[in-house]
Structures are given as C-alpha cells and as structure tokens.
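Worksheet for the structure shown next.
The values are calculated or read from the model by the stated rules, or taken from the named source; none is laboratory data. As the structure is a computational prediction, the values presented were derived from the model and not from experiment. Every residue, glycine among them, receives a Cβ derived from its backbone with ideal geometry; neighbour counts consider all protein chains shown.
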C-alpha cells in the first residue's frame, strides 16, 4: 500500500481544530474484487475474513464496481453524524469507535463500542440517515463501502441476506447486553464490567482505557465518579498502569466486583 496522505472531506473531524489530525494515512481505494482476492491490502484484511462477506463468491464481487476506501483514523475523528445521509457502511479492522446520542443538556450517552470486524451503519439499509454519531475512540483502521452496494448484493445473494439478518439479531442482542451490563447495578460494578468488556475486546488481561469522561458516558455516571472509582481500583491493585492509558487488570477480582 502506498503511504499517501489524503484529506477525505466525507469524514469530517469532530472539531474544526482537528482537521490536521483527521488526515488518514495510508489511504487507498480498491474494488470489492481486489478486497476478496487479497490484492487490496495484506492477507490480514478483516474485510476478507468478515462474516458479512464470507459467503460471497468471486463472481459476486466481479459485478460490483463501487470502491472500498481503506483509511486510518485518529481519535476524535467523526465517521458520521446522526441525521447525515446514509450513503456508506463501515467495517472496523482494528481500534475502537463509539456510537453515541447527544442529550438535550448537551452531554453525550455512549450506546455502543464497535471494534474489530464490527459493521457500522446497518440502519442505512432500511433508513435514509444514520441514527447515531460515530466517533473514533482509539486509533482505528476502517474500510468504507457503499450502502447501495451491500443492498444490491443482498438482493442477489441469499447468503448475504441471511448474514444481514444475523447481524441485525446480534445488534439487538448486543444492545440488550449493554443495558444489563452497563446500565444496572452500582457504579463500581458497572465500571468493573466495562473494564472486563474492554479487555475481552482486546483478547487479553491488559486493556487500553478510555477517558474518564467516556467511561461516565458509557455507564451513566459523572466523570468525577468514574475518576474516583478508577483511582480506588488502582489503590487496591485491581489495575496496574503499564504506560499511558494501558493497564493490566486483575480479572478474577474485577469479576467479583462485577456481580455486586
């Protein structure tokens, strides 16, 4: 992949002063056929392995000419806003993206954390606009593809239709789990469950923590309360900082707190 810097105005940054930081590098365009064959990037491209596309054959991709755009996004870059025209869907290859709703008082409530192989923008298959804001939380490699393309593939391929149905069911199940895990119980238990969820996303007992503000927006507490709980966890040895925001977690003890 060529290391080029391209400013993509279709994905504006969260704030005007973030324009320079929102430049994605590297960025390239490829056909769906290139993505299927592996020519688009490396053999580790999640798009090839993603269950959303796994059931398609080479002939399915050859009929589609709309490009996939691959890019890297820095934290605070906005993929889309609620109410924007739903022209694209996104596959997360790595990193973390938050989906949120802005509340009447100006605060935000985070409704989902999307990570590797998750698909964003499913609602655009049936609605004209996005229903949430999507903002990069941790540096993310993302593939963007046309909603129209996915809709066309679904109309012509039964395996794609079945997979989209499974994706909708997974989204509903994830929403149920989110409410149960992160919106009930004590603030201490909710933060413990969030840390365990972040560790599970990264597949190890270490995790890159999100900001205290984002923690509060996820579990429905103030930033100050989130900061106090994390400080308590650190004093008790439940989290041990490695560097910056990366910590080792005491998984067994956090699991005990999570069921309080």
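Figures for the structure shown
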| read-out | value |
| --- | --- |
| Matching residues, segment 242-252, being part of a strand (DSSP E or B) and surrounded by 14 or more Cβ atoms within 10 Å (Cβ to Cβ) | 247, 248, 249 |
| Yes/no for residue 161 being modelled with pLDDT under 90, in contact with a helix residue (DSSP H, G or I) (Cβ under 8 Å, 6 or more places away or on another chain) and over 16 Å from residue 90 (Cα atoms) | yes |
| Criterion (outside the structural domain of residue 217 (by TED's automatic domain parsing) and over 18 Å from residue 197 (Cβ atoms)) met by exactly one of 113, 102, 96 | 102 |
| Count of segment 207-243 residues which are touching a strand residue (DSSP E or B) at 6+ places or on another chain (Cβ under 8 Å) and more than 21 Å from residue 181 (Cα to Cα) | 4 |
| Candidate set: segment 175-187, residues that are in a helix (DSSP H, G or I) and out of contact with any helix residue (DSSP H, G or I) (no Cβ under 8 Å at 6 or more places or on another chain); chosen: the one nearest to residue 124 (Cα to Cα) | 175 |
| Every residue from segment 221-239 that is over 25 Å from residue 100 (Cβ atoms) and surrounded by 13 or more Cβ atoms within 10 Å (Cβ to Cβ) | 232, 234, 238 |
| Within segment 199-219, considering residues that are part of a loop (DSSP other than H, G, I, E, B) and more than 12 Å from residue 113 (Cβ to Cβ), the one farthest from the chain's Cα centre (by Cα) | 205 |
| Residues located in segment 209-220, provided they are under 14 Å from residue 230 (Cα atoms) and surrounded by fewer than 19 Cβ atoms within 10 Å (Cβ to Cβ) | 211, 213 |
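Conditions tested, residue by residue: (1) outside any helix (DSSP H, G or I); (2) farther than 23 Å from residue 131 by Cα; (3) at pLDDT below 95; (4) in the same structural domain as residue 97 (by TED's automatic domain parsing).
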site: 167; (1), (2), (3), (4): no, no, yes, yes
site: 170; (1), (2), (3), (4): no, no, yes, yes
site: 173; (1), (2), (3), (4): no, no, yes, yes
site: 240; (1), (2), (3), (4): yes, yes, yes, no
site: 254; (1), (2), (3), (4): no, yes, no, no
